[in-house]
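Working notes for the structure below.
Derivation of every value follows stated rules applied to the coordinates shown; laboratory data play no part. Note that this is a predicted model, so its numbers are computed, not measured. Here the Cβ positions follow ideal geometry from the backbone for every residue, glycine too, while neighbour counts run over all protein chains shown.
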Amino acid sequence: MPILELVVGITKAYPTTTAIIAPLFLLCLRSIYRVFLHPLSHIPGPVVPKITSLWLYYHAYIGDEASTIRKLHARYGAYVRVSPNEVDIGDADAIQAIYVSKGGFPKADCYANFDIDGHKTIFSTTDHEHRAARAKAVMPLFSTKALRDNENAIRACVDRMIERLKLESQDTKPVNVLNLTRSLAVDAVSTHLFRENYNGVSEKGPNLSVSAFVDAFVAVGRFFYLPTMVFVWLEWAITKWQADRETDDSMMIVDKFVSNLVANTTSKSTTYPGRLLAAGISDSEVKAQCKDLVFAGTDSTGMNLAIIMRSLTLYPEKYDKLKEEVNNNTPRGSDAQDVQALPYLNAIVREALRISMANPTRLPHVVPVGGWTFRGIRFPAGSLVGCSGHELHFNSAVFPQPTKFVPERWLEATEEMSKNWFAFGAGSRACIARNLATLELQLATEKLARSNVLDGSKAVQEHVEIYEWFNSKVKGEKIELVWNRS
Ligand code: HEM
């Protein structure tokens with residue numbers, strides 16, 4: 001074995017040089033393998049993400065992942081390799097196989113970074129059976145019937161938010177509507193699913209008390225793709241060295257709220273926690289599942305409703321058209337159509353869900369054993385694939401002037417548009433609460449029109465900029481409107 005003897009000889013003669021050169025040599029070999037020989041080497045993309053996952057970690061962290069990958073799609077086509085083992089797919093026809101058929105491919109391991117207090121949640125679990133037991137228990141609460149039965153209570157939450165908006169709009173100072181819409185979102189979720197109103201709308205301060213808690217979970221998105229071991233250490237270090245009073249207080253408030261909730265719930269109760277307890281889930285896990293709803297239910301719905309308010313302010317002619325539809329419906333009394341049946345109102349809701357980018361990035365799933373072939377392209381078992389709202393919703397071939405708010409486009413929606421609309425994900429792991437979230441948005445949009453509360457409003461920011469994390473974060477945490485009362 002002369003080569004082996006040569007290597008051993010060199011190592012002994014030059015130990016320091018070998019210690020430096022050997023890892024570099026192995027890195028080079030690994031890079032060559034990843035670029036030219038890896039089972040995903042046929043997928044196009046820039047060289048750096050083919051070689052290292054650090055590229056994806058970096059863009060996820062700084063919050064420009066979705067728009068950066070979008071530029072790559074423009075250059076390389078519908079399939080882009082965004083890390084050594086991961087492909088971003090900008091083709092809505094792939095949704096069926098990845099997310100829908102036979103339950104879709106399993107979620108990627110990195111969802112574990114969204115576990116709460118050491119528990120897998122309905123959202124974070126990658127295990128089909130684990131999810132099924134819990135989802136089956138709570139699913140009846142999200143049915144159209146359950147929502148219809150409780151519509152008046154949700155409507156009352158909307159009414160209270162509009163009253164507060166009216167009050168705040170009397171001031172000459174800008175109103176952060178994102179804070180109000182988040183307050184409504186937490187009230188609607190707690191009222192409907194916990195049968196206990198969190199009552200965020202009546203909080204007087206500039207920031208809702210659960211906001212810092214929600215933002216802490218949103219910020220997990222910066223580290224979404226990190227291996228869970230690394231994520232856990234990083235989170236520990238951040239909590240230790242970057243402790244933040246507001247977040248700690250908010251965490252405590254939410255913890256106390258769900259602890260009381262679970263302590264006062266029996267397994268006979270038909271609420272969200274009651275149904276989970278009846279399914280044999282431990283108290284500690286039920287608390288975590290409820291916290292997950294406070295996070296998921298507050299952030300995305302809040303963001304979408306704030307975008308509706310801002311868009312109606314920016315486009316007064318669309319606001320007038322909405323008012324006309326709603327006001328023509330109201331006098332019909334018991335013959336009035338349900339909000340679900342008002343075409344323009346629903347077009348507004350759908351369009352806001354398209355442009356809001358509440359969840360802009362790829363929803364990564366794992367190609368199962370046996371691999372997957374799509375449009376003649378082979379994806380090996382274990383590789384990660386996924387589609388993103390950013391890529392599908394801003395596809396100008398499907399949505400002309402894609403970043404513009406044009407509800408009218410939904411009045412005659414094409415099949416392509418519906419196929420590319422990915423606001424709630426798709427298939428068995430799509431948003432469990434999409435009916436609830438949609439109803440909240442519909443009722444609030446109706447009330448905005450009926451109350452005339454946006455009359456005379458102006459948008460303060462020219463652009464709303466976001467960090468493109470799994471759940472986007474609005475830079476500055478404000479979407480502001482101002483009323484000219486002079
Ligand atoms: C407009 C508002 C909302 C939007 C745009 C939205 C969006 C999404 C999306 C895109 C997913 C799929 C994530 C993935 O596959 O990785 C999802 C899942 C989920 N959402 Fe929502 N969501 C909204 C409101 C809500 C609300 C109000 C709740 C709770 C009350 C909620 C709870 C959940 C849960 C538990 C899941 C995980 C479902 C599963 O994996 O089985 N969401 N949501």
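Looking at the chain, what % of its DSSP beta bridges pair antiparallel, to the nearest 5?
Details: 19 of 22 bridges.
Antiparallel bridges: around 85 percent, rounded to the nearest 5.
Rounded to the nearest 500, the 222 nm mean residue ellipticity of the chain from helices alone is -16000 deg cm²/dmol, with -39,500 (n - 2.57) taken per DSSP H run of at least 4 residues. Viscosity 1.002 mPa s, temperature 20 °C: Stokes-Einstein D of region 243-290 from its Kirkwood Cα radius, in µm² per second? Value of D from the Cα-based Kirkwood radius: 191 µm²/s. Packing, as the average of other Cβ atoms within 10 Å across residues, places the peptides 279-291, 145-157 in the order 279-291, 145-157, highest first. Over the chain, all Cα pairs binned in 10 Å intervals from 0 give whole-percent P(r) values of 4, 18, 28, 25, 15, 6, 3, 1, 0, 0, listed from short to long. For the modelled label position 7 Å from the Cα of ASP248 along Cα-to-Cβ, which residues of region 86-130 have backbone nitrogen atoms closer than 19 Å? Taking a point 7 Å out along Cα→Cβ of ASP248, the residues of region 86-130 whose backbone N falls under 19 Å are 117.
With viscosity 0.890 mPa s and temperature 25 °C, the Kirkwood radius over alpha carbon pairs of region 37-91 converts through Stokes-Einstein to a diffusion coefficient of 222 µm²/s.
Here region 330-486 is assigned +1 on the Cβ of each Lys and Arg and -1 on the Cβ of each Asp and Glu. Its dipole about the Cα centre then comes out at about 340 debye. Packing here is the average count of other Cβ atoms within 10 Å per residue, and on that basis the peptides 370-380, 456-466, 41-51, 18-28, highest first, run 41-51, 456-466, 370-380, 18-28.
Taking the square roots of 5 times each eigenvalue of the Cα gyration tensor of region 103-162, largest first, gives ellipsoid semi-axes of 30, 16, 10 Å.
Taking the mean number of other Cβ atoms within 10 Å as a proxy for protection, how do you rank 333-342, 269-278 from highest to lowest? Mind dumping the intermediate values first?
Working: 333-342: 12.3, 269-278: 20.1.
Result, highest mean Cβ count within 10 Å first: 269-278, 333-342.
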